[in-house]
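Colleague: This is the structure I want to talk about, given as structure tokens.
The values are calculated or read from the model by the stated rules, or taken from the named source; none is laboratory data. Every value quoted in this text rests on a predicted model; they were computed, and no experiment measured them. Glycine also receives a Cβ, built like all others from the backbone with ideal geometry; neighbour counts cover every protein chain displayed. Ligands, DNA and RNA are excluded from the accessible area calculation, which covers all protein heavy atoms including side chains. Shrake-Rupley method; radii C 1.70, N 1.55, O 1.52, S 1.80 Å.
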Amino acid sequence: MFEDHNNAIYDIMLSSGLLTKPQLEEFDETHVNTGKPLADVILDSGLVDKDTMLKAIAKDLQYEYMPIPPADIPEDAIKQLRANMARTYGVVPLRFDDTTITLIAKDPFNNAIIDDLTFSLNKDVSLIVMDPDKVDSLIVQSYGEDNLSIDDILSEIKDDDLEGDGASKANETPIIRFVNLILQQAVRDKASDIHFEPFEDQFRIRYRIDGALYEMAPPPKSLALPVISRIKVLANLNIAENRIPQDGRIKITISGRPVDLRVSTLPTQFGESVVLRVLDKGVVNLDLEKLSMSDEIMENIRRLVKMPNGIFIVTGPTGSGKTTTLYSALREVNTVDVKILTSEDPVEYEIDGIMQVQINHQVGLDFARCLRAFLRQDPDKIMVGEIRDLETAQIAVQASLTGHVVLATLHTNDSPGAVTRLMDMGLEPYLIAASLEGVLGQRLVRRICPTCRTAFEPDQETIDKLGADPIEIADKKFYFGKGCSDCGGSGYRGRQGLFELLLVNDTLRDLITARAPTMVLKQKAIELGMRTLRDDGLRAIFDGATTVDEVLKYT
């Protein structure tokens, strides 16, 4: 319940006197460790019941509280709001007059309800707090089940002549509903990206789920221009400009909760290609305990982040979860007595208590300039979205040598490769040796669907490909996903990380200063106890978490 509002729940429980600070700190720790919303942790404890909690929330927000849903809601009140809007914002109208409307809300903390609906209904909006489960039931009771499919909407659009100036159709109801349904389905399926791709004779829409792309049934080609224009309208981009790439952001409410979408357009031969990155806080768990890394690596990361100075680098290809790992590490030290600054391109998740700066190349605000400004802001910990050039690398080193912890990402194949990459940029080896404390290499692999997970005996060829010790494999089980309705027939559901952590000690510092090649550094690190990405892949295979194919593909 209220998973995106843990800080607000904490403050309300404290200020209302329902719980003490030590109790809340204990519950907050459980929330962080389990990923369960703070409200649910408190309710599970039995110290506060749901009715009392909702009453306190309503009092704090100065809204009316309704413990029992009304027996029936007037038909004319229900008609004040279209069904798709009621579902999107998680509200049911209860009463209205010429200038005001009162809505029962699933998420009373969501400011978009009042901001957006005041504008679209042209009435002053007031909210009533009710048990979110009861609001869900009320929505179904008032508006019916949401059975509308993409095909239903397409059948409405088919008769429309969408040739010609499709951009002018961007604000027409069928197009709005079509785009909303695409976005809702993506969030429901936990997609990380949505691709809108115009080709000469078709318009493709694809979702990336657990790292793999899935195509939906292609809509008519004539929808490409109005749909892409609709997305540009939502992202406040210039609709008339289709010759250069544009970047924007959409903040939207889906099923009563706020979701961020990062928008990127690209002019292509047959129109603009648009990709939306879905940043859904309800899905991403910014908690080290939830990143499926070994206890040893997790404890070492905690130690590195809590050090008084030094550089900690996370490396891996695009989309391997580097930013999530860095955010999770920063959350470990995000306390009142620590000043944390981040420079990101772009800011992916907003985190309370951390000052986050968005890189803006158009006005000359790049990573290097941002880092320089950070040093005058008296920080303890600094995160650099990415070290891309010598200037940024030099300032990061300078920051670490003057008593700051610097966290950064770098694009290399493995953790020892980060050292060579910094040298290739032109950074002096003795400076790398003096400042670098650790490099985490990571990959994301798909998890086997737990519903259809099946054991099997691997053949000799598979064992040879893995390069594993036959004795180590002797009594181990291997698994794959058969494919079922839960995983859409893919055999996979969700993803997990593979990690290798290079800890820089005196032996490695000497090798770095002597400009030792990557292979020598890697060999020495393995001798000193580093488990490689492939080793961690074997751990995931034997745990029954992923398949041999996934590990071979990514390590």
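The rows are residues; the columns are (1) of a type in the set (A, V, I, L, M, F, W, C); (2) part of a strand (DSSP E or B); (3) open to solvent by 60 Å² or more (accessible area, probe 1.4 Å).
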{"site": "A86", "(1), (2), (3)": "yes, no, no"}
{"site": "D115", "(1), (2), (3)": "no, no, yes"}
{"site": "F119", "(1), (2), (3)": "yes, no, yes"}
{"site": "S126", "(1), (2), (3)": "no, yes, no"}
{"site": "V135", "(1), (2), (3)": "yes, no, no"}
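Colleague: A further question follows. I need the full set of residues from the range 305-346 which are on the phi < 0 side of the Ramachandran plot and of a type in the set (G, A, S), in order please.
Modeller: Once the filter is applied, which keeps residues that are on the phi < 0 side of the Ramachandran plot and of a type in the set (G, A, S), the range 305-346 yields S320, S328, A329, S343.
Colleague: Okay, next question. Could you tell me whether the range 191-198 includes any residue that is open to solvent by less than 20 Å² (accessible area, probe 1.4 Å), over 24 Å from G321 (Cα atoms) and either of a type in the set (A, V, I, L, M, F, W, C) or in contact (Cβ under 8 Å) with a residue 40 or more places away in the chain (or both)? So that I can check it myself, show each step before the final result.
Modeller: Applying the first criterion (open to solvent by less than 20 Å² (accessible area, probe 1.4 Å)) to the range 191-198 yields 191, 193-194, 196, 198.
Still in the list and also over 24 Å from G321 (Cα atoms): 198.
Filter once more, so that each one left must be either of a type in the set (A, V, I, L, M, F, W, C) or in contact (Cβ under 8 Å) with a residue 40 or more places away in the chain (or both): 198.
Yes.
Colleague: Against the condition of a type in the set (A, V, I, L, M, F, W, C), part of a helix (DSSP H, G or I) and more than 31 Å from the chain's Cα centre (by Cα), how does A39 come out, does it pass? Quick ask: steps written out before the conclusion?
Modeller: Working: of a type in the set (A, V, I, L, M, F, W, C): yes; part of a helix (DSSP H, G or I): yes; more than 31 Å from the chain's Cα centre (by Cα): no.
So A39 does not fit the description; no.
Table: residues versus (1) surrounded by fewer than 15 Cβ atoms within 10 Å (Cβ to Cβ); (2) in a strand (DSSP E or B).
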residue: S229; (1), (2): no, no
residue: A240; (1), (2): yes, no
residue: R243; (1), (2): yes, no
residue: R249; (1), (2): no, yes
residue: R262; (1), (2): no, yes
residue: V274; (1), (2): no, yes
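Colleague: Please indicate, with yes or no, whether at least one residue in the range 52-70 is open to solvent by 60 Å² or more (accessible area, probe 1.4 Å), part of a loop (DSSP other than H, G, I, E, B) and among the acidic types (D, E).
Modeller: Looking through the range 52-70, none of the residues is open to solvent by 60 Å² or more (accessible area, probe 1.4 Å), part of a loop (DSSP other than H, G, I, E, B) and among the acidic types (D, E).
Colleague: Follow-up question, since we're still on this one. For D424, indicate whether it is farther than 15 Å from I311 by Cα, open to solvent by 10 Å² or more (accessible area, probe 1.4 Å) and in contact with an Asp or Glu (Cβ under 8 Å, 6 or more places away or on another chain). Before you say what the answer is, go through the steps one by one.
Modeller: On the way: farther than 15 Å from I311 by Cα: yes; open to solvent by 10 Å² or more (accessible area, probe 1.4 Å): yes; in contact with an Asp or Glu (Cβ under 8 Å, 6 or more places away or on another chain): no.
Judged against the criteria, D424 is not a match.
Colleague: Here's another thing I want to ask about it. Out of the residues in the range 218-227 that are aliphatic (A, V, I, L, M) and either open to solvent by less than 30 Å² (accessible area, probe 1.4 Å) or over 13 Å from N171 (Cα atoms) (or both), which is nearest to the chain's Cα centre (by Cα)?
Modeller: V227
Colleague: So for the range 2-25 (the condition being among the hydroxyl-bearing types (S, T, Y), open to solvent by less than 60 Å² (accessible area, probe 1.4 Å) and closer than 21 Å to S328 by Cβ), does at least one residue qualify?
Modeller: Yes, some residue in the range 2-25 is among the hydroxyl-bearing types (S, T, Y), open to solvent by less than 60 Å² (accessible area, probe 1.4 Å) and closer than 21 Å to S328 by Cβ.
Colleague: Hand me the list of helices (runs of 4 or more DSSP H) wholly inside the range 408-502 holding 1 or more residues that are closer than 19 Å to F542 by Cβ and at pLDDT below 90.
Modeller: 460-466, 470-473
Colleague: Still on this structure: Out of G544, G529, G489, G494, report the one residue that is in contact with an Asp or Glu (Cβ under 8 Å, 6 or more places away or on another chain) and open to solvent by less than 70 Å² (accessible area, probe 1.4 Å).
Modeller: One residue alone meets the criteria, G494.
Colleague: Restricting to the range 93-113, count the residues that are assigned to a loop (DSSP other than H, G, I, E, B) and not polar (S, T, N, Q). Let's see the steps before the verdict.
Modeller: From the range 93-113, those assigned to a loop (DSSP other than H, G, I, E, B) are 97-99, 106-110; that's our starting set.
Going one step further and asking which of them are not polar (S, T, N, Q), we end up with 97-98, 106-109.
Looking only at that region, the number is 6.
Colleague: If you scan the range 78-97, which residues turn out to be touching a residue at least 24 places away in the same chain (Cβ under 8 Å) and over 32 Å from the mean Cα position of the chain (by Cα)?
Modeller: Passing the criteria: I78, Q80, L94, F96.
Colleague: Now for a separate question. Six or more apart or on different chains, Cβ atoms under 9 Å: show the pairs whose first residue is in the range 481-510 and touching a residue at least 40 places away in the same chain (Cβ under 8 Å) and hydroxyl-bearing (S, T, Y) and whose second is surrounded by fewer than 16 Cβ atoms within 10 Å (Cβ to Cβ) and assigned to a strand (DSSP E or B).
Modeller: Hits for this filter: S490/A212; S490/Y214; Y492/A212.
Colleague: Restrict the check to the range 359-367 and report whether at least one residue is buried (at least 20 other Cβ atoms within 10 Å of the Cβ) and more than 18 Å from D536 (Cβ to Cβ).
Modeller: Looking through the range 359-367, at least one residue is buried (at least 20 other Cβ atoms within 10 Å of the Cβ) and more than 18 Å from D536 (Cβ to Cβ).
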